[in-house]
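Notes for the one structure printed next.
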Ligand code: G4P
């Protein structure tokens, strides 16, 4: 889904989340496990204030497991509850319900102590486009129910989806914008495919990816492209990868555009293994 985020859209998206906030006990903030910082909305703290939140690192199947574990610890140290899931795996999603129950247990215990009847936990999902909101709603509901519009902030009647006895979820997720002002964040979101159809130059993106891999995952680079670093003259690296993978134009010359596309495709399709692009140590 491509969304052009204009100020009007952002205001509407914010309003929609604020409205729905009144209906729920907990917000599920969906983030991309490959980008636990870069895939977060910059204003979510402002928007949801003190509302109880569960951070869900989705697409954990595509992320570096060691980093994911460290990120969970990192968030816990900051006082957030966090779980890592793969929304395509319905069984693993039980972790979400369990975590929500754990997070809200003190509140529910207090209600019970006052003799009040407890009910199912009510939750809503928020996150940037393409992070897996509809997939998660549909998998939790065990049928296709998620409602998404191409434009954020469209108001429609909402429905509660009964996930299990203990959890009800709003069928419309809150779609929020990513941190697109920061160029490096833009690269990370684009190179992983977390945002699509960017106006970014494919060569810049591929070179960013290569340099990131050389710094953080040199072994993967060696396995896939038989190099451990990116040459100072990047064209040498392109010639090497082009020859290795036989990416040639009609005249037999290396086709550099195709080399860029190949690198990005390899990263997005996990041919370089599971990768995380936000490293915990850069945020500590
Ligand atoms: P959204 O509502 O937040 O915009 O995201 P959506 O559910 O549409 O998911 C975006 C893409 O991410 C989908 O791929 C979906 O299958 C994939 N996805 C969601 N959760 C996970 C996960 O936990 N692991 C993996 N590996 N993929 C996940 P798609 O339909 O193929 O679209 P696309 O990849 O062509 O964009």
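The values are calculated or read from the model by the stated rules, or taken from the named source; none is laboratory data. Treat the numbers as computed from the prediction; the structure is a model and nothing was measured. A quick note on method: Cβ atoms are made from the backbone with ideal geometry, for glycine too, and the neighbour counts reach across all protein chains shown.
For the range 37-64, a residue qualifies if it is under 12 Å from the mean Cα position of the chain (by Cα) and within 23 Å of residue 101 (Cβ to Cβ), and the qualifying residues are 55, 56, 57, 58, 60. Looking at residue 187, is it within 15 Å of residue 276 (Cβ to Cβ), in contact (Cβ under 8 Å) with a residue 12 or more places away in the chain and buried (at least 20 other Cβ atoms within 10 Å of the Cβ)? Taking the combined requirement at face value, the residue satisfies it.
Looking at this structure, is residue 206 surrounded by 15 or more Cβ atoms within 10 Å (Cβ to Cβ) and at pLDDT 95 or above? Taking the combined requirement at face value, the residue satisfies it.
Only one of the listed residues (106, 42) is surrounded by fewer than 18 Cβ atoms within 10 Å (Cβ to Cβ), modelled with pLDDT under 95 and closer than 17 Å to residue 278 by Cβ. That residue is 42. Residues in the range 58-69 that are more than 10 Å from the ligand (Cβ to nearest atom) and either surrounded by fewer than 17 Cβ atoms within 10 Å (Cβ to Cβ) or without any contact (Cβ under 8 Å) to a residue 60 or more places away in the chain (or both): 65, 66, 69. Among residues of the range 112-124 being surrounded by 14 or more Cβ atoms within 10 Å (Cβ to Cβ) and away from the ligand (no atom under 16 Å from the Cβ), the one that is farthest from residue 75 (Cα to Cα) is 120.
Restricting attention to the range 125-175 and to residues that are more than 10 Å from the ligand (Cβ to nearest atom), surrounded by 22 or more Cβ atoms within 10 Å (Cβ to Cβ) and in a loop (DSSP other than H, G, I, E, B), the residue that is modelled with the lowest pLDDT turns out to be 152.
Helices (runs of 4 or more DSSP H) fully within the range 203-284 that include at least 3 residues being within 21 Å of the chain's Cα centre (by Cα): 256-268.
Please work out if residue 96 is under 15 Å from the mean Cα position of the chain (by Cα), within 12 Å of the ligand (Cβ to nearest atom) and crowded, with 21+ Cβ neighbours inside 10 Å. Taking the combined requirement at face value, the residue does not satisfy it.
Is there a residue being under 16 Å from residue 279 (Cα atoms), within 16 Å of the ligand (Cβ to nearest atom) and in contact (Cβ under 8 Å) with a residue 12 or more places away in the chain anywhere in the range 48-57? Within the range 48-57, one or more residues are under 16 Å from residue 279 (Cα atoms), within 16 Å of the ligand (Cβ to nearest atom) and in contact (Cβ under 8 Å) with a residue 12 or more places away in the chain. Checking the stated criteria, residue 61 turns out not to satisfy the condition of being assigned to a loop (DSSP other than H, G, I, E, B) and out of contact with any strand residue (DSSP E or B) (no Cβ under 6 Å at 6 or more places or on another chain). Has the range 225-246 got at least one residue that is without any contact (Cβ under 8 Å) to a residue 12 or more places away in the chain and under 30 Å from residue 69 (Cα atoms)? Checked the range 225-246: no residue is without any contact (Cβ under 8 Å) to a residue 12 or more places away in the chain and under 30 Å from residue 69 (Cα atoms).
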